[in-house]
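Heads up, the thing below is written out as structure tokens.
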Amino acid sequence: MKRLMIATALVLAAAGTASAVTDPGELSAPARMEAQRLVPNGDFDNLSAAQADAIRSILSSDEDARGGQIRSVLN
């Protein structure tokens with residue numbers, strides 16, 4: 001019984017970690033919503049990893065021209 005509980009705990013822990021791994025070319029839901037708020041007509045599908053990283057970096061900055069910067073990344 002003890003082995004079964006340990007095995008179950010390990011499987012659940014591994015499943016939680018695997019679900020936390022995301023595609024580097026995708027933005028998290030909150031980041032995507034913020035980017036879409038700043039650039040309503042932007043196409044945020046099929047981003048490269050570099051584009052997603054750049055958008056995440058822009059979103060974490062305090063600059064006023066974030067929408068324009070995101071547009072330039074998308075082009």
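Since every read-out is calculated from the coordinates, none of them should be taken as a lab result. From a predicted model like this one, the values you see are computed outputs, not experimental measurements. Ideal geometry is used to build each Cβ from the backbone, glycine not excepted, and the neighbour counts take in all protein chains shown.
Below, the figures for the structure above:
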{"quantity": "Of all residues in region 20-32 being surrounded by 11 or more Cβ atoms within 10 Å (Cβ to Cβ) and free of Cβ contacts under 8 Å to residues at least 24 places away in the same chain, the one that is farthest from Ile70 (Cα to Cα)", "calculated": "Ser28"}
{"quantity": "Hits in region 56-72 (condition: hydrophobic (A, V, I, L, M, F, W, C) and either on the phi > 0 side of the Ramachandran plot or surrounded by 13 or more Cβ atoms within 10 Å (Cβ to Cβ) (or both))", "calculated": "Ile58, Leu59, Ile70"}
